[in-house]
Amino acid sequence: MGKRESYEPGTFCWIDLSTPDSDGAKAFYGGLFGWEFRDDEIPGGVYTMCFGHGDDVAAIVQQDQQPAHWNNYVAVTSAEETASKARELGATVIEDPFDVMEFGRMAVLADPGGAMLCVWEPREHIGAGRVNDLGCMSWNELQTRDPEAAGEFYSALFGWEIAPIEQDGMLVYTTIENAGSQNGGFMPMTEQHGDAPSFWLPYFTVSSCDEAEEKARVLGGALFAGPLDLPAGRIAVVGDPQGAAFAIFEGPTDE
């Protein structure tokens, strides 16, 4: 289930964790998801590959300049063209396209609402070798104060099909479809988010949401929201011991 050998352009393909404590992150995510790890030397540091079911599913990188956070990557055919188009559409290019050794080429963007997103032009590394399975990325969700503007931006940038969901005349969610498959969504931010900036939130599949969130807290994490039942399944939003937010999902996923 979830084995991948390529990604259609516009599809979320990879995630990595920027954290001030890579050893602590390995202990937490290894305990929570059963991941195994391999430290790879890269210019300026170490890039830790995370493996689930024998496939690379994520990575961890040590950095001390920003609070801990998950980076979400979208596959593209050209990092240059995507960065240029994003700038024309009102985004900020935080890091211009650059080579990641022989593995691929990437750029780092901030959309007009301020949410950071990476684009990945694959070469030797396509992204995650497995998704949707237990302990693997299964969804990517933009927390935003302006879902309509976000929809206009991302549909123009990636060709996403945007489907708003309303309840009693109020927008409650927006789904993303890319290349015929649902690819993520937009969640309107509320007063509960306080002054938090817009951001992309990765989801990981678990067999039991309640057991996973309890285990996350035992391992030193925190519960931010939930668990709660939604039409798609049961979810909770948690934070790792360094404060990086992510969601856990119990329910059916695509192959």
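Springs between Cα atoms under 10 Å define the GNM used for the chain, and in it the highest mean-square fluctuation of Ala27, Ala83, Ala212 occurs at Ala27. Spin-label model, Glu36/Asp23: points 7 Å from Cα along the beta carbon direction are separated by 2.2 nm. Name the residue, out of Gln143, Gln167, Gln182, whose mean-square fluctuation peaks in a Gaussian network model built on the chain with Cα pairs under 10 Å. Its mean-square fluctuation being the largest, the pick is Gln167. Under the convention that each Lys and Arg Cβ holds +1 and each Asp and Glu Cβ holds -1, the size of the dipole of the chain around its Cα centre is about 180 debye. Modelled label positions at Ser78 and Thr190, each set 7 Å beyond Cα in the direction of Cβ, lie 4.3 nm from each other. D by Stokes-Einstein for the chain, Kirkwood Rh over Cα pairs, 37 °C, 0.692 mPa s: 178 µm²/s. With the simple spin-label model, which puts each label point 7 Å out from Cα in the Cβ direction, the Gln65 to Arg145 separation comes to 2.6 nm. Within a straight-line Cα-Cα reach of under 15 Å, Lys3 can be paired with the following aspartates and glutamates, leaving aside sequence neighbours fewer than 8 residues apart in one chain: Asp55, Asp56, Asp133, Asp254, Glu255. Relative to its Kirkwood radius, the Cα radius of gyration of region 170-222 gives an Rg/Rh of 1.05. Hydrodynamic estimate: the Kirkwood radius of region 118-157 over Cα pairs, inserted into Stokes-Einstein at 37 °C and 0.692 mPa s, corresponds to D of 255 µm²/s.
Averaging Cα coordinates gives a centre for region 153-174 and one for region 186-235; these two points are 21 Å apart. With the cut-off at under 16 Å, measuring from each backbone N in region 30-65 to a point 7 Å along the Cα-to-Cβ line of Arg123 picks out 42-43. Taking region 126-163 and a reference point 7 angstrom along Cα→Cβ of Ser181, the backbone N atoms nearer than 17 Å belong to 126-141, 159-161. Anyone know which of Phe98, Phe33, Phe153 comes out most mobile in the 10 Å Cα GNM of the chain? Fluctuation is largest for Phe98.
Across the alpha-carbon atoms of region 12-122, the computed radius of gyration and Dmax are 14.6, 43 angstrom. Cα centroids of region 21-85 and region 89-118: how far apart, whole angstrom? Cα centroid of region 21-85 versus Cα centroid of region 89-118: 16 Å apart. What the Cα atoms of region 137-250 give is an Rg and a Dmax of 14.6, 43 Å.
Values in this text are rule-based calculations from the coordinates and carry no lab data. Owing to the predicted nature of the structure, the values given are computational and were not obtained by experimental measurement. FYI the Cβ positions are ideal-geometry reconstructions off the backbone, even for glycines, and counts take in every protein chain you see.
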